[in-house]
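Data block below; observations after.
Read-outs: derived from the displayed coordinates by stated rules, not from any lab. Here the structure is a predicted model, which is why all the values come from computation and not from measurement. FYI the Cβ positions are ideal-geometry reconstructions off the backbone, even for glycines, and counts take in every protein chain you see.
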Ligand code: ADP
Ligand code: MG
């Protein structure tokens, strides 16, 4: 029946995801095992420290993957509050400012600077902006500019993250949001999947436009919290 098929599809998706997680976790485990074995051999203090550092890095990687998957596992745990989204963006920009300066990336907020109230989970939304800004910076290894633009669009707020980085060809755009899709040496390919999920849970949408060697624009559209009018309502 149709229902059965649907269930099989879901199981297939779970299987794929599980295989992906296992693969991503096995890599750092293999390297930790290798370096631990080196540590058992007689080595100088200097190399031991180097190996320990690698092992710590790999533990960090496994931990990140597990943390991100835990978030996917409980999407219903949004802690919704009425927040000024512009303030949240400013906050994220100040968090990333130092990193941006180091990477010769200019970061600025354009468009609306006044209050726009959104019903959201502030920490999750911050994480989304951080992911997009981080990706933008990583797309500009030689430096560049990132503009974050907030605009009102009818009942929504649209936040655009605009970079002048390497951009993406269409076949890459189609893969965005697939778990473990990454073009980076030390990427995990989970950032966008998590971000899309968080925005979806906020009843929002994400759009992308990109041109190779020109740059990329990600647009996040979120519903603005409806204003409660005093009765009688003037019209
Ligand atoms: P990761 O950053 O770990 O690779 P993401 O899910 O954040 O994983 O991104 C997946 C891939 O999408 C990246 O590896 C990159 O190829 C592409 N991508 C995302 N954002 C941008 C961007 N702003 N410019 C160019 N490519 C991007
Ligand atoms: Mg990323």
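What to note about this one:
- Cα-based helix-to-principal-axis angle, 122-138 vs the chain, degrees rounded to 10: 60
- Descending Cα extents along the principal axes, the chain, whole Å: 82, 57, 35
- Residue exposure sequence - 36, 182 - by fewest surrounding Cβ within 10 Å: 36, 182
- Rg over Rh, two decimals, segment 15-103 (C-alpha only, Kirkwood Rh): 1.16
- Dividing the summed helix terms, -39500 (n - 2.57) for each DSSP H run of n ≥ 4, by the number of residues in the chain produces a 222 nm estimate of -17000 deg cm²/dmol to the nearest 500.
- Short-range pairs are left out: with C-alpha atoms under 8 Å and at least six residues apart, the relative contact order of segment 113-169 is 31 percent.
- Angle in degrees between helix 45-73 and the longest Cα principal axis of the chain, rounded to the nearest 10: 40
- Between the helical axis of 85-102 and the longest alpha-carbon principal axis of the chain there is an angle of about 40 degrees.
- Cα-based shape type of segment 123-235, given that a ≥ b ≥ c are square roots of the gyration tensor eigenvalues and the cut on a/c is 1.5: prolate
- Our estimate of slack between residue 152 and residue 214, defined as 0.36 nm per intervening residue step minus the Cα-Cα distance, is 19.7 nm.
- Annotation: peptides 100-112, 83-95, ranked by per-residue average of other Cβ atoms within 10 Å with the highest first, follow the order 83-95, 100-112.
- Extension gain, residue 110 back to residue 18 (0.36 nm per residue minus Cα-Cα distance, nm): 29.0 nm
- On the beta carbon distance between residue 172 and residue 44, with R0 = 41 Å, the FRET formula returns roughly 0.40.
- Chain lengthening between residue 102 and residue 188 when straightened (0.36 nm per residue, less Cα-Cα): 28.7 nm
- Contact order for the chain, expressed relative to its length and based on alpha carbon pairs under 8 Å spaced 6+ residues apart, stands at 17 percent.
- Within a Gaussian network of the chain (alpha carbon springs, distance under 10 Å), most fluctuating of 175, 126, 185: 185
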